[in-house]
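Novice: One structure coming up, written as structure tokens, with questions to follow.
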2 protein chains.
Amino acid sequence: MDNSTTQLRTPYLVFVGDECRTTYAKTGKGVADWRPELCAGQLRLDTAAADLGLADMTVSEAAQAGVGSLIVGTALVGGSIPDNWLATLCEAAAAGMDIVAGLHTRLSSIEQLREAADMGGCRLIDIRIPPPGIPVASGKKRSGKRLLTVGTDCALGKKYTALQLERDMRALGMDADFRASGQTGIMIAGSGIPIDCVVADFISGAAEALSPDNSPDHWDVIEGQGSIFHPGYAAVSHGLLIGSQPDAFVVCHAAGRTHIEGWEAYALPTIGEVIERTVAIGALTNPLIRCVGISVNTLSIPADEREEYLAALSSKYDLPCVDPLVTGTKAILSPFA
Amino acid sequence: MDNSTTQLRTPYLVFVGDECRTTYAKTGKGVADWRPELCAGQLRLDTAAADLGLADMTVSEAAQAGVGSLIVGTALVGGSIPDNWLATLCEAAAAGMDIVAGLHTRLSSIEQLREAADMGGCRLIDIRIPPPGIPVASGKKRSGKRLLTVGTDCALGKKYTALQLERDMRALGMDADFRASGQTGIMIAGSGIPIDCVVADFISGAAEALSPDNSPDHWDVIEGQGSIFHPGYAAVSHGLLIGSQPDAFVVCHAAGRTHIEGWEAYALPTIGEVIERTVAIGALTNPLIRCVGISVNTLSIPADEREEYLAALSSKYDLPCVDPLVTGTKAILSPFA
């Protein structure tokens, strides 16, 4: 991975603050679930705070354990960091840990934190800020193989599908790496580029930098963004698609969703429409692009009806169809292993 | 036009410096050609410098004439502003004129210029920096009508086609405004948004802000960017297309061009492919979108063969086909006037 990607220092201390609501700590939960081997521990400021299943650890314990980064694993409602959180972040920075966050407030805009970072010689990493020096896409073919997750909408499992694909590929003995294109994904992977924060001209160039040349049998499993039919974010999906040059893609969908979330005037595209449009656009940089499976979040379906639902979709599109967190993704991967 | 667009103060003093090569002064030439009524004069540091056909004027004459902005109308090779230019820019800033440029070096990074601007109470406007507060696209239908110029490639006449369409629409008694999405266009129009400099998530939102609600018979003629088949810039074209919600589009092409300029491994798409893909993508936010004409730069064709060339294209696609700078665009507009 070249130097136009964000690179995080591991292992992590995952900071939960005093956040009790698990849904607001889902970034931290994602890191703990998908990369437990990168997590030295969690830091909670209150015993009632969300438990990510990691060892509780103080800043000084983390420093002794050689932690590289304190990861802010919670969403912050409102702009600024609460005072009782800030003191801990400063303590960690002064102890030499990089501070990593995806907040709207820039970490470097907080003077106290900046001073602590200077003292500790660490970095303040705003995960929303892309690394400098991203080039315009060249369109040149790269070696190695690539799979991209795409979607009928935002927020329906493109990241977790990609992570499960990576896990299952490795279990099948394949050489594979998850490539993160969004904030939480970058924290999980320890590197990546926040594609939606890149300046327009460089979207596809960022996607190229995210999955550079690799050995012929290696698979990059690239986290998708948005949807090619999304009235707000389709341009990001388009740029990521042609820059990724995927050989294969998996369409992600949430069972029961009928409209673009937050854009209720827009009906959700069908899975078939997404397949057709993705092939049409992706063929520009990789004429061999093809859909290899469908990944559905079936949470909204009664457990005893899921199998039938997935089988019906699989038959309709003549493609393997999985719920990655229920069935895994091996049904998609068997032709490749 | 709302406050998320860049707005320039007029009239202009167009600065040419000592640039003798007309091709390097083409921004200034564009402003002088398309908006002579906005130009108070030109400022040349050498009698051999390119002549834009405007009255020569010193800074103090310009100040007396009530000039609002000094526009740097030349491309700068290399990063920084030559010393003999800087002195004049500082003089204008100190006299209260906004300084407007599209250089890679940020104007505000030049201390001497910053001090002069503080003294004159003027703004230093880097046209590459989008205005703050651009929202994510809502996808909501807006009132008024819109025409977008699209292309088979970059740099083949999308801006000048849009400007000629505006000119011809007005001549036909139609209510029309050119909407600028690039640097030179913004200087010409006096307002706009540099779409390719906007952060990815906001491309389509910027396009929405660029052509806000208007009266039912009003036409926004929107300057296109890139090409939907461009391996580097297609995402920009896609975002601009769905945010613009055009009712009509004109495909721009350069006669004789066979490959994407600078990406020689990529064959140029056909005009037919561009029409089909633009309709497919644009229909998301405006199902009535349709191609209304073809605009070709025929410079590479002998003058006495142009008419036949355009007629053949017109017959092939069953659409009016013009060279905007040779024939004008009224053949395209007659069904609308």
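The values are calculated or read from the model by the stated rules, or taken from the named source; none is laboratory data. These figures come from a predicted structure and were not determined experimentally. Cβ atoms come from the backbone with ideal geometry, glycine included; neighbour counts cover every protein chain shown. Only protein heavy atoms, including side chains, enter the accessible area calculation; ligands, DNA and RNA are left aside. Shrake-Rupley method; radii C 1.70, N 1.55, O 1.52, S 1.80 Å.
Novice: Can you give the angle from 0 to 90° between the axis of helix A:111-120 and the longest principal axis of chain A, with both taken from C-alpha atoms, to the nearest 10?
Specialist: Tilt of helix A:111-120: around 80 degrees.
Novice: Tell me what chain B gives for mean residue ellipticity at 222 nm when only DSSP H runs of n ≥ 4 count, each as -39,500 (n - 2.57), the sum divided by the residue total, rounded to 500 deg cm²/dmol.
Specialist: Details: 12 runs with 109 residues, N = 337.
When only DSSP H runs of four or more count, the value is -9000 deg cm²/dmol.
Novice: Below 8 Å between Cα atoms, with a sequence gap of 6+, how large is the relative contact order for chain B in percent? If you can, show how the numbers build up before the last one.
Specialist: Working: 737 pairs, mean separation 54.7, N = 337.
Computed value for chain B: 16 percent relative contact order.
Novice: Moving on. Buried by at least 10 Å² relative to the chain on its own: which residues of segment A:259-301 qualify, computing accessible area with a 1.4 Å probe on protein heavy atoms?
Specialist: Correct list: A:TRP263, A:TYR266, A:ARG277, A:ALA280, A:ILE281, A:LEU284, A:THR285.
Novice: Could you tell me what a quarter of the Cα convex hull surface of segment B:145-333 works out to, in nm² with one decimal place?
Specialist: Values: hull surface 40.8 nm².
Mean projected area of the Cα convex hull: 10.2 nm².
Novice: Computed over the Cα atoms of segment A:154-231, what is the ratio Rg over Rh, Rh following Kirkwood? Kindly include the intermediate steps, with their values, before the conclusion.
Specialist: On the way: Rg = 12.8 Å, Rh = 13.1 Å.
Value, to two decimals: 0.98.
Novice: Now for a different question. Give the Rg (one decimal place) followed by the Dmax (whole number) of segment B:284-337, computed from C-alpha coordinates and expressed in Å.
Specialist: When restricted to the Cα atoms of segment B:284-337, Rg and Dmax are 12.6, 42 Å.
Novice: Additional query: Grab the other residues whose beta carbon is less than 14 angstrom from that of B:ILE81, score K and R as +1, D and E as -1, and report the net. Please report the intermediate quantities before stating the final value.
Specialist: Working: positive: B:ARG106, B:ARG114; negative: B:ASP18, B:GLU19, B:ASP83, B:GLU91, B:GLU111, B:ASP126.
My count for the surroundings of B:ILE81 gives -4.
Novice: Still on this structure, please answer the following. Taking Cα atoms, how many degrees apart are the long axis of helix B:83-94 and the longest axis of chain B, rounded to 10 and kept between 0 and 90?
Specialist: Relative to chain B, helix B:83-94 is tipped by roughly 90 degrees.
Novice: Right, something else. Would you please state which residues of segment B:186-204 a label at B:LEU325 would reach in this model, taking the label point 7 Å out along Cα→Cβ and a backbone N cut-off of under 19 Å?
Specialist: Hits in segment B:186-204 for B:LEU325 at 19 Å: B:186-189.
Novice: List the accessible area buried at the contact between B and A, summed over both sides and calculated with a 1.4 Å probe, in Å² to the nearest 100.
Specialist: Numbers: alone 14530 and 14510 Å², together 26470 Å².
It comes to approximately 2600 Å² buried between B and A.
Novice: Another question, then. Counting only heavy atoms of protein chains, what accessible area per residue, in Å², does chain A have with a probe of 1.4 Å? The partial results should precede the final answer.
Specialist: Values: 13230 Å² over 337 residues.
Each residue of chain A exposes 39 Å² on average to a 1.4 Å probe.
Novice: Using a simple charge model, +1 on the beta-carbon of Lys and Arg, -1 on the beta-carbon of Asp and Glu, nothing else, what dipole does the protein assembly as shown show about its Cα centre, in debye to the nearest 20? Don't skip to the end; give the middle numbers.
Specialist: Numbers: 52 positive and 78 negative charges, 151 e Å.
With only Lys, Arg, Asp and Glu charged at Cβ, the dipole is about 720 debye.
Novice: Summing Lys, Arg as +1 and Asp, Glu as -1, what charge do residues with Cβ under 10 Å from the Cβ of A:LEU45 carry, A:LEU45 excluded?
Specialist: Values: positive: A:ARG44; negative: A:ASP18, A:GLU19, A:ASP46.
For residues surrounding A:LEU45, the net value is -2.
Novice: OK, next. If ligands, DNA and RNA are left out, what is the accessible area of B:PHE178 with a 1.4 Å probe, given in Å² to the nearest 10?
Specialist: Surface open to solvent at B:PHE178 totals about 10 Å².
Novice: For the protein assembly as shown, which semi-axes, largest first and in whole Å, follow from the square roots of 5 times the eigenvalues of its Cα gyration tensor?
Specialist: On the way: eigenvalues 424, 228, 86 Å².
Listed largest to smallest, the semi-axes of the protein assembly as shown are 46, 34, 21 Å.
Novice: Now for a separate question. On a 0 to 90 degree scale, rounded to 10, what angle separates helix A:234-244 from the longest Cα axis of chain A?
Specialist: Orientation of helix A:234-244: about 80 degrees from the principal axis.
Novice: Let me ask something else about it. Give the shape of segment B:1-128 as rounded, prolate or oblate, defined through the alpha-carbon gyration tensor: a ≥ b ≥ c are the square roots of its eigenvalues, a/c under 1.5 means rounded, and otherwise the shape is prolate if a/b is larger than b/c and oblate if not. Don't jump to the answer; show the numbers that get you there.
Specialist: Working: a/c = 1.25, a/b = 1.13, b/c = 1.11.
It is rounded, given that a/c, with a ≥ b ≥ c, falls under 1.5.
Novice: Determine the share of the protein assembly as shown's accessible area contributed by carbon and sulfur atoms, expressed in whole percent, with a 1.4 angstrom probe.
Specialist: About 51 percent, which is the carbon plus sulfur part of the accessible surface.
Novice: Taking 30 Å² as the minimum loss, tell me which residues in segment A:162-209 lose that much accessible area going from the chain by itself to the full protein complex (1.4 Å probe).
Specialist: Those residues are A:ASP196, A:VAL199, A:ALA200, A:ASP201.
Novice: Separate question: If each Cα of chain A is one equal point scatterer, what is log10 of I(q)/I(0) from the Debye formula at q = 0.07, 0.14, 0.15 Å⁻¹?
Specialist: Computed log10 I(q)/I(0) values: -0.29, -1.13, -1.26.
Novice: May I ask for the Rg/Rh ratio of segment B:65-174, computed from Cα atoms with Rh as the Kirkwood radius, given to two decimals? Don't skip to the answer; put the middle values down first.
Specialist: Details: Rg = 18.6 Å, Rh = 17.2 Å.
Ratio of gyration radius to Kirkwood radius for segment B:65-174: 1.08.
Novice: Quick one: pull the percentage of alpha-carbon pairs in segment B:25-97 with a separation above 19 Å. Spell out each step's value before the answer.
Specialist: Values: 847 of 2628 pairs.
For segment B:25-97, the fraction of Cα-Cα distances above 19 Å is 32 percent.
Novice: Still on this model: Distance between Cα centroids, segment B:233-309 to segment B:107-121: provide it in whole Å.
Specialist: 42
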